[in-house]
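The values are calculated or read from the model by the stated rules, or taken from the named source; none is laboratory data. What you see is a predicted model; the values in this text were computed from it and never measured. Ideal geometry is used to build each Cβ from the backbone, glycine not excepted, and the neighbour counts take in all protein chains shown.
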């Protein structure tokens, strides 16, 4: 492994994603091309919120892996494509990439979790009729050259018939033209954390230099031209539920949406995006108070679950950690939400597969689980043992 790639991998493991991107870019520019380096840089881009670049690197990783007949790396590249596409709200494409991941490696890390996650979001978005659930992704992607104004270190063009890469890299491919979204199909969603509110305006083909976003302490205004209908789209949230800090707030324009992040002036939960009364800097209204978390016997935040451990109860919110479940919190929170919103057959499937496999497998399809007997399948490099009481 080159020194640049080694440093990039170390930085990625330590969570220094910007350094990882710099070192891996040097490795790809100076030391050759490796599917693993593209996969690692895709992961780093994903965790810095640069989802288009993460997708471009995952595509390049797949092209190089195909040229070298690396089946497991082809599976991992498809998986990274799925994660990036999910972050871009392209649930139909993400689901298709997960199917290709399973085709090449059924044991890909976190595959089962992400299949359930994407399926849940796909159905919530409206199923086959939803625009974000359309499938446009290809199993063998086109070669990305530039994303968001940044040049992507390119992979060699794949010869699909012979499954080998030619010696010379082909000329740049003209980027696809994004079809602008009609005005009547533009929509908004919002979600929050204790410190911020994120608003997403889903519209394709919005010219970046024509977007106007005005963020004030008590209101938000968004305006941009809709090329598909030669008109202007306006969106206003006034008044906001509570104060925001304009200096710490931001927005960005991608090929598929406008993302606005409002930084809350006071941490807490908003019960809605908009309030009922106009707020001003002189307002004396206090924000909704969030109850202090209950401390467990060990003095830690988080729920306490029954346990037979001699060391006392554990806070599983700090124990369970899987960095492959990104953007939406930990695995524990995801399973709680998935189980809570599932139907009876899905719950039965989850409980049966999880219990019979001793926590090493999880399925949400009762049709697959009902007649099947699950065996304990420990992760690679580990051994399952029976404990006697």
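Observations on the structure shown:
- Residue in segment 146-168 that is surrounded by fewer than 16 Cβ atoms within 10 Å (Cβ to Cβ), at pLDDT 50 or above and farther than 23 Å from residue 203 by Cα present: yes
- Candidate set from segment 26-49 (those that are closer than 24 Å to residue 75 by Cβ, in contact (Cβ under 8 Å) with a residue 60 or more places away in the chain and over 19 Å from the mean Cα position of the chain (by Cα)); member that is surrounded by the fewest Cβ atoms within 10 Å (Cβ to Cβ): 33
- Condition check for residue 242: modelled with pLDDT of 60 or more, under 27 Å from the mean Cα position of the chain (by Cα) and over 26 Å from residue 52 (Cβ atoms): no
- Residue in segment 91-114 that is touching a strand residue (DSSP E or B) at 6+ places or on another chain (Cβ under 8 Å), modelled with pLDDT under 95 and at negative phi present: no
- Condition broken by residue 234, with the remaining ones in (1) surrounded by fewer than 16 Cβ atoms within 10 Å (Cβ to Cβ); (2) assigned to a loop (DSSP other than H, G, I, E, B); (3) at pLDDT 90 or above satisfied: (2)
- Identity of the residue in segment 1-20, closer than 30 Å to residue 136 by Cβ and surrounded by fewer than 23 Cβ atoms within 10 Å (Cβ to Cβ), that ends up nearest to the chain's Cα centre (by Cα): 17
- Any hit, segment 75-86, residues being touching a residue at least 12 places away in the same chain (Cβ under 8 Å) and over 17 Å from the mean Cα position of the chain (by Cα): yes
- Residue match in segment 77-87 (condition: out of contact with any strand residue (DSSP E or B) (no Cβ under 8 Å at 6 or more places or on another chain), surrounded by fewer than 20 Cβ atoms within 10 Å (Cβ to Cβ) and farther than 24 Å from residue 6 by Cα): yes
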